[in-house]
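The values are calculated or read from the model by the stated rules, or taken from the named source; none is laboratory data. Because the structure is predicted, anything quoted here is derived from the model rather than measured. Don't worry about glycine lacking a Cβ; one is built from the backbone with ideal geometry, like all the others, and counts go over all protein chains shown.
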Amino acid sequence: MSHATAPYLFCPVCGKPLQNSIIDNHPRSACSNCSYVHWGNFSLGVGGVLWHNDKVLLVQRGHNPGKGMWTIPGGYVDQGESIAAAIIREIQEETGIKSKPLSIIGLRDYPAEKHDTYIIFLMEFLGGTLLAQPGEVSDLGFFTLKESYALPIPSLTLSALEASHSASQGLLINSDVKLSSKLSTLYQIH
Ligand SMILES: [Zn+2]
């Protein structure tokens, strides 16, 4: 099964017809005129587990999918944005809380028609006052693990809360390695 061919006929860069080509051993839509290749339809999401005084920050979703459910704050990564910058931004936008990433503690892969990958960070509380983002978040707060069991909460969220108490720190940034691109960040087991 392959979703590699583009769901459109013309090049989004130059407007010339796309043609089916074998690139890296896969059939892909490529432009007949410029270097454009449709690599697929991917999205990258981030979520953050943020404990403060033994309570975890949860938000109640203001719209579907999952309206009314309680989850860790998070959202989608913008093009050109690092995953760390995305989770800092999303938590601040949704909750008013300033935080910084400590490590990566989980990853959920969903290779559907839009391949959706969701990376879960453990965050450190830095400050701020709770303020729900209008529309996105209908309610929010800090909850003990016991209190969170009583909320309507997805199994993925609950599992992330439990994993955040693990002895393993997860993946940490390794800044000792000089990577070929300054844009790159290496997350590694410790
Ligand atoms: Zn083109």
*Does residue 54 satisfy the condition of being closer than 29 Å to residue 136 by Cβ, more than 16 Å from the ligand (Cβ to nearest atom), among the charged types (D, E, K, R) and in contact (Cβ under 8 Å) with a residue 12 or more places away in the chain?*
yes
_Of all residues making up segment 168-183, the number that are exposed (fewer than 13 other Cβ atoms within 10 Å of the Cβ) and closer than 18 Å to residue 121 by Cβ_ = 2
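Each row is one residue, and each column tells you yes or no for (1) more than 17 Å from residue 88 (Cα to Cα); (2) among the hydroxyl-bearing types (Ser, Thr, Tyr); (3) not assigned by TED's automatic domain parsing to the domain that holds residue 6.
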| position | (1), (2), (3) |
| --- | --- |
| 104 | no, no, yes |
| 125 | no, no, yes |
| 133 | no, no, yes |
| 139 | yes, no, yes |
| 152 | yes, no, yes |
| 155 | yes, yes, yes |
| 166 | yes, yes, yes |
| 186 | yes, no, yes |
*Please go through segment 13-39 and pick out each residue that is more than 24 Å from the chain's Cα centre (by Cα), closer than 18 Å to residue 114 by Cα and within 16 Å of the ligand (Cβ to nearest atom).*
28, 29, 37
*Scope segment 1-12; condition away from the ligand (no atom under 12 Å from the Cβ) and either small (Gly, Ala, Ser) or part of a strand (DSSP E or B) (or both); matching residues*: 2, 4
*Selection within segment 105-156 - closer than 18 Å to residue 69 by Cβ and basic (Lys, Arg)*: 108
*Which number in (1) among the β-branched types (Val, Ile, Thr); (2) free of Cβ contacts under 8 Å to residues at least 24 places away in the same chain; (3) in contact with a Lys or Arg (Cβ under 8 Å, 6 or more places away or on another chain) marks the one condition that residue 23 misses?*
(3)
_Tell me whether segment 40-54 contains one or more residues that are touching a His at 6+ places or on another chain (Cβ under 6 Å) and under 22 Å from residue 113 (Cα atoms)._
yes
*Please specify each residue of segment 113-140 satisfying the condition of being hydroxyl-bearing (Ser, Thr, Tyr) and surrounded by 15 or more Cβ atoms within 10 Å (Cβ to Cβ).*
117, 118, 138
